[in-house]
Ligand SMILES: Nc1ncnc2c1ncn2[C@@H]1O[C@H](COP(=O)(O)OP(=O)(O)O)[C@@H](O)[C@H]1O
Ligand SMILES: [Mg+2]
């Protein structure tokens, strides 16, 4: 699926990276623990998380991810959005909870 | 090629800047992406540790065609028991670190996992020096 599909499925708002919505993604991971993301993630290109801070964006960039979904409607600061923009990472914000958001994407064909 | 960075104390917003800069440099130099990722993760965890557990410090990265050397030195409290510190899940990190997504006791194990060589020199009350080597994938 594309990042645009994720936006639609999760009823999400695009916070930055509008120009990258047509990029293809195949794998995602959901976690609030950045060390776990650094330890176990392989080629997942989407990170779903309830954690909102600069380290989430830095972690995603370390792992060459294309998109971060902030769940439960959490709103990142302007500084967080600016860093994501610098790295070319799409930021989405979804009202769903982490479990539901991951479940819906999985159901629609995104793998772990 | 030698890169040097000062890791600022108690500044969580900037932790990771040095690793991101190293990653960008290695990318520009054309190193394999797997090598770059291993260097970036090891250095990032080390950088985060210097901010959480010590009061910042100095990072030096030496880039050779066949290997990347990283040295992270701080003047923090030192590590009383390295074996314990290397155990997955062992952490003395404060709650504030956990709010940032770190402090699960996975940092040093991650560093071990992603580097080819890891040496920890530490002295209580003086500081800690992590020497890491990542061999470049052929
Ligand atoms: N630079 C350091 N200075 C002092 N203590 C450290 C340092 N790095 C790691 N430690 C100690 O080793 C423990 C384990 O580190 P780590 O595996 O990175 O887990 P975490 O950072 O999540 O606590 C830390 O909780 C801390 O007690
Ligand atoms: Mg750590």
>> If I filter segment B:86-94 for residues that are over 21 Å from residue A:32 (Cβ atoms) and either within 12 Å of ligand 2 (Cβ to nearest atom) or surrounded by fewer than 20 Cβ atoms within 10 Å (Cβ to Cβ) (or both), do I get at least one hit?
In response: yes
>> Can you tell me which residue is surrounded by the most Cβ atoms within 10 Å (Cβ to Cβ) among those in segment A:83-98 that are in contact (Cβ under 8 Å) with a residue 40 or more places away in the chain and part of a helix (DSSP H, G or I)?
In response: A:84
> How many residues are more than 13 Å from residue B:85 (Cα to Cα), free of Cβ contacts under 8 Å to residues at least 60 places away in the same chain and within 16 Å of ligand 2 (Cβ to nearest atom) if we restrict to segment B:107-117?
Replying inline: 1
>> For a quick check of your reading of the model, give me the residue pairs whose first member lies in segment B:3-16 and is under 20 Å from residue B:95 (Cβ atoms), whose second is part of a loop (DSSP other than H, G, I, E, B), with beta-carbon atoms closer than 6 Å and at least 6 apart or on different chains.
In response: B:9/B:55; B:9/B:56; B:12/B:100
> Do you know which residues across segment B:42-78 are within 11 Å of ligand 2 (Cβ to nearest atom) and either in contact with a helix residue (DSSP H, G or I) (Cβ under 6 Å, 6 or more places away or on another chain) or not in a loop (DSSP other than H, G, I, E, B) (or both)?
Replying inline: B:44, B:45, B:46, B:47, B:48, B:49, B:50, B:51, B:52
>> Looking at segment B:92-129 only, could you name the residues that are at pLDDT below 95 and either away from every other protein chain (no Cβ under 13 Å) or part of a loop (DSSP other than H, G, I, E, B) (or both)?
In response: B:93, B:94, B:95, B:100, B:101, B:102, B:103, B:104, B:105, B:106
> Looking at segment B:26-46, is at least one residue touching a residue at least 24 places away in the same chain (Cβ under 8 Å), within 18 Å of residue B:135 (Cβ to Cβ), more than 14 Å from every other protein chain (Cβ to nearest Cβ) and surrounded by 24 or more Cβ atoms within 10 Å (Cβ to Cβ)?
Replying inline: no
>> Quick check on my filter: what residues within segment B:95-105 are near ligand 2 (Cβ under 10 Å from one of its atoms) and without any contact (Cβ under 8 Å) to a residue 24 or more places away in the chain?
In response: B:104, B:105
> Name the residues in segment A:10-45 that are more than 14 Å from every other protein chain (Cβ to nearest Cβ), more than 13 Å from the chain's Cα centre (by Cα) and under 15 Å from residue A:102 (Cβ atoms), would you?
Replying inline: A:11
>> Looking at residue A:21 and the list (1) farther than 21 Å from residue B:98 by Cα; (2) out of contact with any helix residue (DSSP H, G or I) (no Cβ under 7 Å at 6 or more places or on another chain); (3) surrounded by 15 or more Cβ atoms within 10 Å (Cβ to Cβ), which single condition is not satisfied?
In response: (2)
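The values are calculated or read from the model by the stated rules, or taken from the named source; none is laboratory data. As the structure is a computational prediction, the values presented were derived from the model and not from experiment. No Cβ is skipped: glycine too gets one built from the backbone with ideal geometry, and neighbour counts run over all protein chains shown.
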